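Engineer: Handing you this structure, nothing more for now.
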Protein chains: 2
Amino acid sequence: MITRDRLALNTATLGANLGQGAGWSPERTVDACAARGFGGIVFWRQELKGRAQAIGEYARAAGLRVDGLCRTPYLTGPDASTDDELAASLDEAAALGAPVLTIVTGGTEPGTTGLEDSRKRLADRLRPACARAEAQGVRLALEPLNPMFGGNRTVIFTVADAVELAEACHPALAIAVDVYHVWWDRTLAPACARAGDRIAGLHLCDWLRDTSDILLDRGMMGDGVADIPAIRRAVEAAGYTGPCEVEIFSRDWWSRDPGDVLDTILDHLPEC
Amino acid sequence: MITRDRLALNTATLGANLGQGAGWSPERTVDACAARGFGGIVFWRQELKGRAQAIGEYARAAGLRVDGLCRTPYLTGPDASTDDELAASLDEAAALGAPVLTIVTGGTEPGTTGLEDSRKRLADRLRPACARAEAQGVRLALEPLNPMFGGNRTVIFTVADAVELAEACHPALAIAVDVYHVWWDRTLAPACARAGDRIAGLHLCDWLRDTSDILLDRGMMGDGVADIPAIRRAVEAAGYTGPCEVEIFSRDWWSRDPGDVLDTILDHLPEC
């Protein structure tokens, strides 16, 4: 069971990152989380709108930790960002006071097949970015995505993939573990053990038995088939004691009252 | 490069398994494959309609191998079959003269989370089924599916998962390796080496960069981002010299003339 103090809301759960849901402002979301005893909050760049520092200060003044920011632009693939765009995402995390900036890598490099060339490009871009992040007090955290997001969104699919790349890349490169992406992976526990203190995030949701949409049909904890407590134990056995961040991309949950969604999260904590 | 003699058509590529595409009969498909020098063919139970033996004889008389039959009913999950339904699928493979019957396991067992309970149930059902299959001259072949099919379709996601289950289950339990499902897996080559002569199938298609539908948007070999030759080398290094079966579930390819689809497959063989 997770204590409320460890619990963080990722604002994607209310649709804030995609302009979906009730459209609550960052401040209104902060107030609603603080009123319910959430320990932290994780924002998306899209909702900061140049006010990163002010929103970070507002959250801390309300008694919440800012636990992270989502996310870097793509680093590989045909839609890869420039180095300046990557630096801008780090500057925004630093202004917000977010200790972690999540990385979604982007897809396969143009003109290549398989993953080797893309992972090499990824490591080459992350080395200087990790050094810059370290100087800013931000950790970059690689998030492995479910293999269904291969091709155009990621070249890192498992915690084992992430650890291997991180070890070859930079001592400060961290890893975020998301239930939705890794629940099926039999190698998760040993990979977490090897990751050790690189683990910088645990993202909670559930994998619904009949997932109807690969992007926007994540489940509330306990409504699906993932063994969430086993995943939590795997990261905790590796030494992780940090925030547990609820991140549910779901048209279903976005259609509900945000206050009810937050209450439901609290009701479902025993499932974690 | 794959020789035409090793090449087999899985009839799903023409939509036959789902009543899609041009609706060619098994015999017409056999004739079109034989005319183009394909070595073999793999059928789906739905198209046999009680004529398994006659269709098998027709294919062999036309000079084609019957390389397999798709597939067992689900063995786990809420939609799991009875033992009689499983036995009927084996009887049909034997009547067809198919040396391999593919297994799609089915989803997570009701009332459970994670995969351990489901895999135990799967092994318990497969042990007697493998013995029965062996007596009928048929090999049951576990097909790992992409993790996006977790929940309701499979509890086996990687060749490593399949090998571990097979070793704990029955010496005759085989494994089918499908490019679409495994292209992303960094552990594929060592898992194939461990599988050795359990590998009883190599299924060809491609993973399109922007996969628009998780079920029905597979790509023609060379049109996507999978490193198909590397996957073929991994199974061949394990000793596999058997058929290479083109299986492309795709609304796009089903909308085209089946003869053109078969010609395109031949044109794309250098991509394999």
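Engineer: Could you size up the charge dipole of chain A around its Cα centre, putting +1 on the beta carbon of Lys and Arg and -1 on that of Asp and Glu, and report it in debye to the nearest 20? Could the numbers behind the result be given before it?
Structural biologist: On the way: 27 positive and 39 negative charges, 87 e Å.
Once rounded to the nearest 20, the dipole reads 420 debye.
Engineer: In addition: How far, in whole Å, is the nearest Cβ of chain A from the axis relating it by rotation to chain B, and which residue carries it?
Structural biologist: A:M148, 2
Engineer: Continuing with this model, one more query. 7 Å along Cα→Cβ for the label point: how many nanometres lie between B:P110 and each equivalent label in the other copies, listed shortest first?
Structural biologist: Going from nearest to farthest copy, the values are 5.2 nm.
Engineer: For labels at A:D31 and A:D210 in the simple 7 Å Cα→Cβ model, what's the distance in nm?
Structural biologist: For A:D31 paired with A:D210, the spin-label model returns 4.0 nm.
Engineer: Further question on the same structure: Expressed as cubic angstrom per residue, what is the convex hull volume of the alpha carbon set of region A:1-143? The partial results should precede the final answer.
Structural biologist: Numbers: hull volume 18.0 nm³, N = 143.
It is 126 Å³ per residue.
Engineer: Roughly speaking, what is the centre-to-centre gap between region A:188-224 and region A:143-171 when only Cα atoms are used, to the nearest Å?
Structural biologist: Cα centroid to Cα centroid, the span is 14 Å.
Engineer: Using a label point 7 angstrom from Cα along Cα-to-C-beta, what distances in nm, from shortest up, separate B:Q53 from the other copies?
Structural biologist: Inter-copy label distances (nm, one decimal, shortest first): 8.5.
Engineer: Calculate, axis by axis, the spread of Cα positions in chain B along the three principal axes, and write the results as whole Å, longest axis first.
Structural biologist: 47, 39, 33
Engineer: At 25 °C and 0.890 mPa s, what whole-number value in µm²/s does Stokes-Einstein give for the translational diffusion of the protein assembly as shown, with Rh from the Kirkwood sum over Cα pairs?
Structural biologist: Working: Rh = 24.4 Å.
Estimated via Stokes-Einstein, D reaches 100 µm²/s.
Engineer: Could I ask something else about it? What's the local net charge at A:A12, with K and R +1, D and E -1, over the other residues with C-beta under 14 Å away? Before the final figure, lay out each step's value.
Structural biologist: Details: positive: A:R45, A:R71, A:R218, A:R251; negative: A:E47, A:D67, A:E143, A:D178, A:D217, A:E245, A:E247, A:D252.
For residues surrounding A:A12, the net value is -4.
Engineer: Then there's this: Roughly speaking, to the nearest percent, how much of chain B's 1.4 Å accessible area is carbon and sulfur? It would help to have the intermediate numbers written out before the result.
Structural biologist: Numbers: 4650 of 9620 Å².
It is 48 percent, rounded to a whole number.
Engineer: Further question: For the protein assembly as shown, what is the percent of antiparallel DSSP beta bridges, rounded to the nearest 5? Don't skip to the answer; put the middle values down first.
Structural biologist: Numbers: 4 of 60 bridges.
Percent antiparallel among DSSP bridges in the protein assembly as shown is about 5.
Engineer: Right, next: List the distances, in nm and shortest first, from the label point of B:G19 to the matching label points in every other copy, placing each point 7 Å from Cα along the Cα-to-Cβ direction.
Structural biologist: Distances to the matching label points in the other copies: 4.1 nm.
Engineer: For region B:156-272, with only Lys/Arg (+1) and Asp/Glu (-1) charged at the beta-carbon, what is the dipole magnitude about the Cα centre, in debye rounded to 20?
Structural biologist: Numbers: 9 positive and 21 negative charges, 83 e Å.
Using only the charged Cβ atoms, the result is roughly 400 debye.
Engineer: Percent of Cα-Cα pairs more than 12 Å apart in region B:50-103, please.
Structural biologist: Values: 908 of 1431 pairs.
Distances greater than 12 Å cover 63 percent of the Cα pairs.
Engineer: Let me ask you something else. Probe of 1.4 angstrom, ligands and nucleic acids ignored: what's the accessible area per residue over chain B, in square angstrom? Could you put the intermediate results ahead of the total?
Structural biologist: On the way: 9620 Å² over 272 residues.
For chain B, the per-residue accessible area is 35 Å².
Engineer: Could you sort the peptides B:167-173, B:40-46 by per-residue average Cβ neighbour count (10 Å cutoff), highest mean leading? Could the numbers behind the result be given before it?
Structural biologist: Numbers: B:167-173: 16.6, B:40-46: 22.0.
Ranked from most to least packed, the peptides come out as B:40-46, B:167-173.
Engineer: Counting protein heavy atoms only and a 1.4 angstrom probe, how many square angstrom of accessible surface do chains A and B bury in total, to the nearest 100? Could you put the intermediate results ahead of the total?
Structural biologist: Working: alone 10890 and 10910 Å², together 19240 Å².
That pair of chains buries around 2600 Å² in total.
Engineer: Quick one: which of B:244-255, B:12-23 comes out on top by average Cβ neighbours within 10 Å, and what's the full order, highest first? Display every interim value, and only then the final one.
Structural biologist: Values: B:244-255: 21.8, B:12-23: 19.7.
Order by mean packing, descending: B:244-255, B:12-23.
Engineer: How would A:T105, A:T82 line up by accessible area, probe 1.4 Å, largest first?
Structural biologist: Sorted descending by solvent-accessible area, the residues read A:T82, A:T105.
The values are calculated or read from the model by the stated rules, or taken from the named source; none is laboratory data. Everything numeric in this text was worked out from a predicted model, so none of it was measured. When we count neighbours, we look across all protein chains shown, and the Cβ atoms used for this are built from the backbone with ideal geometry, even at glycine. Each accessible area value is taken on the protein alone, full model and side chains, heavy atoms only, with ligands, DNA and RNA left out. Shrake-Rupley method; radii C 1.70, N 1.55, O 1.52, S 1.80 Å.
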